[in-house]
Structures are given as structure tokens and as C-alpha cells.
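Colleague: Have a look at this one before I ask anything.
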Amino acid sequence: MNTAKVDVLLGLQWGDEGKGKVVDVLTPNYDVVARFQGGPNAGHTLEFEGQKYVLRSIPSGIFQGGKINIIGNGVVLAPDLFMEEAKALESSGHELKSRLHISKKAHLIMPTHRILDAALEASKGKSRVGTTGKGIGPTYTDKISRNGLRVGDIFENFEEKYAEHKARHEEMLRNMNYTNYDISDVEQKWMAGIEYLRQFQIVDSEHEVNKLLREGKSVLCEGAQGTMLDVDFGSYPFVTSSNTICSGACTGLGIGPNKIGKVYGIMKAYCTRVGAGPFPTELFDETGCEMRRIGHEFGAVTGRERRCGWIDLVALRYAIMVNGVTNLIMMKSDVLDTFETIKACVAYRHKGELTRDFPYSIESDIEPVYEELEGWQTDMTRMTSPSQFPDAFKRYVSFLERELETPISIISIGPDREQTIIL
């Protein structure tokens with residue numbers, strides 16, 4: 001029997017590319033939307049019908065009625081934050097319990113994981129990574145070191161398991177001389193989140209996804225963060241703690257690589273980064289400030305200012321390669337509507353030599369080499385067809401497709417789901 005393929009949608013830059021909106025737009029074409037990695041440090045913002053929603057753990061397909069949404073085993077889940085997010089959606093009229101399935105093998109973020117996150121960041125001094133403090137790294141650390149607490153554990157001897165893990169974390173904190181904390185209020189809410197979690201369909205998600213594929217159901221896999229934050233291939237050590245690339249869909253959902261169909265790679269028409277770490281095309285001038293202002297570049301979860309810069313084609317070529325991207329999606333094209341000149345980094349000058357390949361490290365000795373293009377200086381936010389695009393913008397799109405050797409299939413010209421043009 002031939003099984004259906006899963007399509008994968010993921011970010012190609014440093015996250016915040018607009019994945020949530022695109023998942024919402026594409027969901028009508030799929031039966032299932034499945035999140036395969038990351039935690040509540042990833043905020044996916046969606047706007048439609050005059051409302052704005054920020055999702056942290058729940059897949060962005062939840063707004064399209066009748067679709068199955070799966071939180072996969074590769075995700076790390078904070079019960080208290082999940083409860084807060086889910087109840088807010090339920091109160092706004094979105095039914096969840098029959099449509100949202102959660103993997104037994106997803107790991108739980110404990111209150112002490114957040115304290116460990118803060119303690120580890122504080123111990124690094126000037127070498128801080130700039131985490132969100134949500135406990136993501138310590139939770140994945142426990143997972144890899146075979147010390148994790150999983151969703152499936154909540155149904156048997158849970159209190160005993162929880163106490164054992166908490167005691168181990170507290171011992172670690174004492175050894176770090178980090179003892180000035182109080183988790184009593186957070187812990188109370190966290191335990192309420194565990195009770196709330198028990199009301200959902202907790203499943204063997206790897207069996208469920210493969211069964212759905214055998215039945216011919218179409219599945220869209222949703223990634224969090226971006227390729228340049230991948231723990232293996234990103235700008236290490238300034239990365240997240242999971243595999244954000246396409247292969248993460250296989251390990252984060254339990255599907256074989258032969259099940260992958262299309263790979264949608266999302267990028268902005270420029271580039272942003274949140275937190276610490278190298279950013280070769282970052283702009284420190286008025287142009288960067290203007291991008292931030294027009295693009296409302298502030299973190300959906302943390303509210304932190306995003307660092308802004310021109311599009312980096314060296315990093316994008318690398319991201320397309322390691323993900324096997326088949327289709328590009330360009331977001332926030334409208335943010336550049338007013339600029340007279342647009343720049344694109346086509347190569348790096350690395351240790352005095354010109355290269356188009358992404359190097360082992362971009363922390364130093366990197367000088368971006370730019371190509372300048374004419375800006376379109378036209379408001380595109382109300383356009384509804386590619387035929388309305390100004391010629392200068394069409395040239396920008398063609399230039400990117402040539403440089404990246406991958407077609408751009410979707411262009412976003414605003415935050416609303418209606419402001420999406422499929423080419």
C-alpha cells in the first residue's frame with residue numbers, strides 16, 4: 001500500500017519568520033498539522049478576522065475546524081503554560097479537546113528546569129546565549145542524558161517520579177550555589193496544568209501519524225525557531241536545544257525520511273535575530289531601526305527587540321541545502337516598501353577570502369559582501385495578485401530565485417491571512 005507523504009514547513013533564518021501565519025493559510029489543504037520540536041519559547045503569531053493570537057505549543061492549524069493537531073514527541077511541554085494557552089483559545093471559541101492530540105513521549109518542562117535555565121545563564125557571564133528562560137535547554141539536557149519526565153509518566157506513580165526529578169534538580173542548584181528561588185506558586189499552577197493535561201487525548205503519536213498516512217491523510221509538519229538555531233547546524237553555541245531542520249520532523253514525529261514530500265522553507269525579505277549570537281548582516285543604523293519599527297519586530301513571547309539586517313543569502317543557501325527545501329515562502333515583503341535601495345548579502349569575506357559557503361563559525365572575521373538592488377517604493381499591502389507587483393519587486397524576487405536556485409511559491413505582504421499571495 002502506498003502511503004501519503006508529509007510536507008514540512010520550517011524557518012530558514014533565526015526564527016520569527018512567520019511560520020504560524022503560513023501554517024494557518026496552508027491548513028485547509030491538509031487533514032493533520034503536527035508540531036515536531038521546540039517548546040513554549042517559540043511564539044507563532046496569527047492575525048485574522050480582526051483578532052490576534054499567539055501560540056506557543058499548540059500547532060497553528062488549530063484554527064481551521066475539523067483538523068487533527070498533534071504535539072509530537074520532539075516537543076518539550078510546560079503544563080502550566082500549555083493550560084494557559086489552551087484555556088485562552090477555548091474561551092475565544094476554539095474547541096480543542098477532540099482535535100488536539102499530545103504525544104506520550106513529549107518531555108515535560110518542570111518548574112525547576114526554569115530555575116536551572118536561569119542559573120546556567122547567570123554562570124556564563126558575558127558568554128550568555130540569551131535564552132528565553134523557559135527551561136527549554138535543561139529539559140532537552142535531561143532528555144539526552146536519559147533523566148527526563150515525559151507526558152506518558154503522568155498516569156502512573158507521577159508524584160513519586162516528580163519528587164525524584166525535583167530533588168535531583170535541587171541538588172544541582174545547591175552545587176551551583178544558586179539557592180535564592182521560590183517555585184511554590186509556579187509549582188501549584190504547574191500541578192494544575194498536569195490535571196488539565198489529563199483531559200486531552202494522550203497518544204502514541206508515532207503510531208497515529210503513520211496510521212493516518214496509511215489511510216491517505218495529508219500531514220503538514222510545523223517546525224519552531226529557525227535553521228540557524230539548529231543545535232547541530234546553527235550558529236553554535238548561540239542556538240536552541242533541538243533539531244529545527246527537516247530531519248527533526250522524522251525524529252520529532254516518528255516518520256521515515258521516505259515519507260517526506262515538499263519542504264517549505266520560510267524566510268523574511270530581510271533578516272532578524274533575537275537574543276545573543278553572531279548576525280553578519282545586522283544593521284546598527286537608522287535603516288535597521290526603521291525595519292524594526294515598520295515590521296513590529298518584537299518577540300511574540302518575550303517582547304524582546306529583534307535585531308534587524310539585510311537578507312543573508314550565504315546563510316539561506318546553507319539552510320536550503322541542509323533542509324532539502326523544495327519551495328520558498330517570503331514573508332514581510334511589505335516591510336521594505338519604502339526603501340529606495342535594497343541590499344542582499346551574496347557572499348562573505350572570511351579571513352580575507354571571498355566565500356559563498358557558510359563557514360564553521362561566523363563569530364568573527366566575517367564581512368558581508370552586498371549586491372544593491374532598486375527598491376520598489378510602492379505600498380503592496382492591498383495587492384491581491386502577482387500581476388500587481390511593481391517591476392522592481394519582481395526583479396528582487398527573480399534575483400533571489402536565481403541566487404538560491406529554489407522557486408518562491410508564496411509571498412506575504414502583511415500580517416493578515418488574506419495578505420498572502422500564492423504564485
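The values are calculated or read from the model by the stated rules, or taken from the named source; none is laboratory data. Nothing here was measured: the structure is a model prediction, and the numbers come from that model. FYI the Cβ positions are ideal-geometry reconstructions off the backbone, even for glycines, and counts take in every protein chain you see. Ligands, DNA and RNA are excluded from the accessible area calculation, which covers all protein heavy atoms including side chains. Shrake-Rupley method; radii C 1.70, N 1.55, O 1.52, S 1.80 Å.
Colleague: What are the aspartates and glutamates whose alpha-carbon lies under 12 Å from the alpha-carbon of K217, with same-chain residues fewer than 8 places away excluded?
Modeller: Qualifying aspartates and glutamates at Cα under 12 Å: D7, D31, E208.
Colleague: In degrees, nearest 10, range 0 to 90: what is the angle between the Cα axis of helix 205-214 and the longest Cα principal axis of the chain?
Modeller: 50 degrees
Colleague: Same structure, new question: Can you give the Rg and Dmax of the range 271-371 based on its C-alpha atoms, in angstrom?
Modeller: 14.1, 39
Colleague: Arrange the peptides 74-84, 345-355, 322-332 so that the one whose residues have, on average, the most other Cβ atoms within 10 Å appears first.
Modeller: Details: 74-84: 23.5, 345-355: 14.9, 322-332: 21.7.
Going from most to least packed, we get 74-84, 322-332, 345-355.
Colleague: Okay, moving on. Is the shape of the range 62-119 best called rounded, prolate or oblate, per the rule: a/c under 1.5 gives rounded, else a/b larger than b/c gives prolate, else oblate, with a ≥ b ≥ c the square roots of the Cα gyration tensor eigenvalues?
Modeller: Taking the square roots of the gyration eigenvalues as a ≥ b ≥ c, the range 62-119 is oblate.
Colleague: Can you pull the percent of the range 154-267's accessible area that's carbon plus sulfur, 1.4 Å probe, other chains left in place?
Modeller: Values: 2630 of 5420 Å².
The computed percentage sits at 48.
Colleague: At 1.4 Å probe radius, can you tell me the per residue accessible area of the chain in Å²?
Modeller: On the way: 17790 Å² over 423 residues.
Result: 42 Å² per residue.
Colleague: If the cut-off is a Cα-Cα distance under 23 Å, which lysines reach K343, setting aside same-chain residues fewer than 8 apart in sequence?
Modeller: K268, K332, K351, K394
Colleague: Moving on to the next point. Could you rank the peptides 115-123, 255-263 by their average count of other C-beta atoms within 10 Å per residue, with the highest value first? Write down the numbers at each step before the final one.
Modeller: Working: 115-123: 18.1, 255-263: 15.7.
Taking the mean over residues of other Cβ atoms within 10 Å, the ranking is 115-123, 255-263.
Colleague: Quick check: the angle from helix 286-295's long axis to the longest principal axis of the chain, C-alpha only, nearest 10 degrees?
Modeller: 60 degrees
Colleague: If you wrap a convex hull around the C-alpha atoms of the range 289-341 and split its volume per residue, what is the figure in Å³?
Modeller: Convex hull of Cα atoms, per residue: 118 Å³.
Colleague: On to the next question. For K105, which lysines qualify as cross-link partners when the Cα separation must be under 19 Å and same-chain residues fewer than eight apart are set aside?
Modeller: Filter leaves K97, K143, K161, K211.
Colleague: Right, something else. Which angle from 0 to 90°, rounded to the nearest 10, does the C-alpha axis of helix 158-175 make with the longest principal axis of the chain?
Modeller: 70 degrees
Colleague: Another question about this same structure. Rg and Dmax of the chain, Cα atoms, in Å?
Modeller: Gyration radius and largest Cα-Cα distance of the chain: 21.4, 65 Å.
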